[in-house]
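Notes follow once the structure below has been shown.
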Amino acid sequence: MFKRLKTTFQQWLSPVQTAADELQNQNNEVVNATRRSFFKRAAIGTVAVGGTAGLASAVVDSLPEPDLTHKYRKDAVAGEQDLQEWEYVEMSDQEKSDMVQTFIDSYSRQS
Amino acid sequence: MQKEQQQADKDSTDGTQRRDFLRKAGSYTVTSLSGAAMLLAKPNTAKATTKVTWEEHFQKNYRLMTDEEKQEAVDRLETRYSDEFGKKVTVGDTPAIDGVLFGYALNIQKCIGCRRCVKACVAENNQSRGNEQQIEWIRVLRMEKGNFTEEDRNENGYPEDYGIQVGGNAYKPVGVVLEGQHYYQPDKVPEKDAFYFPMQCMQCEKPPCVKVCPVRTTYRDPDGIVVIDYNWCIGCRMCIGACPYWARRFNWGEPNLPKEEMNPITHYLGNRPRMKGVVEKCTFCVQRTRKGRWTACVEACPVGARKLGNLLDPDSDIRKVLATKKVFRLRADLNTYPKFFYYMD
């Protein structure tokens, strides 16, 4: 009696259950598809970014080395030109003592 | 009508497929190229900065560090340098000595232009060497002998008509213009009718280089030495432009410092190995002078033309020179108060 009743109830309920199962399956597929595409895109993006950096590094490394001698020499020559415009003057006794006093005062202020 | 619709649908489908194809082809091309590039990109292990740790890269400005942080920074550097140079390297952090203000005097009558000071400085301070990227903190100028006296300045130092701008300054004192040769190559020194003018950082009391540094990596310590925290230098070269004495040098490339020639006794603010893109300069051999030793240039000078001393001590060599000798200053008009003096007997 009880068994028969259960079967009848299941038969009556089956269309609803089937529809619910189908909906659940569809949702799972959508979720799975979304997650898969996200991982796919993330992987491609990571490789692309890393690869672009690597490519840039490879390109930079393959460029000819800059002429360092020229750069160092340019600094020195510019300095030399600057030095040629200088003047040096003799300090008077007063200037010397004033300067030493300035140093001493400055040190005292700081300490 | 139905046929047209079908044709349109077909075109639309073709368009989507073409776009998909191009997109996929583009992605695969980029990915393949990227992979190839990553394989091709080989790490440059020769760089001194290869082994810089995260902690070192992001450490504080030296002046803002606590004692513990300073010790950690020093330990990190000692480990890295010892590893890189294959010998035990020490990095000192000796602070300025109380009651000491360093001053330097150079006798231009005695200097014979032998450049031993330059070589000693390079060796002591781990400067980059070689023809390509040579850095020298001391520059020796060769000049013709001339006369320069205080009387000349007082009697002839001003233009006849006051108020007329001459060379930008009507009150510009007369002096001797430096017309020197930096890279002189004589058979022997000293040459007749020439004198030599070594130049280096003047350790100004009011240093313009310190004022312009945007990251405050260069500063004046209490003993008067202007130092640089190389880890914080951003290589903007502002200080180079500001220095009126052209005393600062820039590392355009990785410094060339052979392992066997490296001086392992270093100071954090002085002669420790520098990296590409930072500025460096004379520090009065801070690793030596703060321990009571002479600078390398003073030790190397064969004629005793160089004097280092404490400006606060009336009995020091430097004070005696200032009191008794003819002393000259460079670019006195700038009021930078250099603590490096030239003198004659």
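Scanning the range A:83-111 for residues that are at pLDDT below 85, closer than 27 Å to B:Leu311 by Cβ and of a type outside the set (Ser, Thr, Tyr) yields a total of 6. Does B:Val91 meet the test of being outside any loop (DSSP other than H, G, I, E, B), of a type in the set (Val, Ile, Thr), at pLDDT 95 or above and more than 22 Å from B:Phe340 (Cα to Cα)? Yes: the conditions hold for B:Val91. Against the test of being farther than 30 Å from B:Asn335 by Cβ and modelled with pLDDT of 95 or more, the options B:Tyr230, B:Tyr268 yield a single qualifying residue, B:Tyr268. Against the numbered list (1) of a type outside the set (Ser, Thr, Tyr); (2) modelled with pLDDT of 95 or more; (3) surrounded by 11 or more Cβ atoms within 10 Å (Cβ to Cβ), B:Gln109 comes up short only at (2). When we screen B:Thr324, B:Thr289, B:Thr295 for residues that are of a type in the set (Ser, Thr, Tyr), surrounded by fewer than 16 Cβ atoms within 10 Å (Cβ to Cβ) and either farther than 27 Å from B:His267 by Cα or in contact (Cβ under 8 Å) with a residue 12 or more places away in the chain (or both), the only hit is B:Thr324. Among the residues of the range B:237-246, the ones that are on the phi > 0 side of the Ramachandran plot and crowded, with 18+ Cβ neighbours inside 10 Å come to 1 in all. Just to be sure, is A:Thr18 surrounded by 10 or more Cβ atoms within 10 Å (Cβ to Cβ) and either at pLDDT 85 or above or farther than 30 Å from B:Tyr184 by Cβ (or both)? Here the answer is yes, as A:Thr18 does meet what is asked. Each residue in the range B:290-342 was checked for being under 24 Å from B:Gly113 (Cβ atoms), among the polar types (S, T, N, Q) and at pLDDT below 95, and 0 pass. For the range B:202-317, the strands (runs of 3 or more DSSP E) that sit wholly inside it and include 3 or more residues that are touching a Ser or Thr at 6+ places or on another chain (Cβ under 7 Å) and over 27 Å from B:Met65 (Cα atoms) are B:306-310. Counting just the residues of the range B:201-236 that are in contact (Cβ under 8 Å) with a residue 60 or more places away in the chain and on the phi > 0 side of the Ramachandran plot, which one comes out surrounded by the fewest Cβ atoms within 10 Å (Cβ to Cβ)? So the residue we want is B:Arg216.
Look at B:Arg249 and say whether it is open to solvent by 10 Å² or more (accessible area, probe 1.4 Å), within 14 Å of chain A (Cβ to nearest Cβ), at positive phi and touching a residue at least 12 places away in the same chain (Cβ under 8 Å). Spelling it out, it is not the case that B:Arg249 is open to solvent by 10 Å² or more (accessible area, probe 1.4 Å), within 14 Å of chain A (Cβ to nearest Cβ), at positive phi and touching a residue at least 12 places away in the same chain (Cβ under 8 Å).
The values are calculated or read from the model by the stated rules, or taken from the named source; none is laboratory data. These numbers come from a predicted model, not from an experiment. Cβ coordinates were reconstructed from backbone atoms using ideal geometry, including for glycine residues, and neighbour counts include every protein chain displayed. Surface areas here come from the heavy atoms of the whole protein model, side chains and all, with no ligands, DNA or RNA. Shrake-Rupley method; radii C 1.70, N 1.55, O 1.52, S 1.80 Å.
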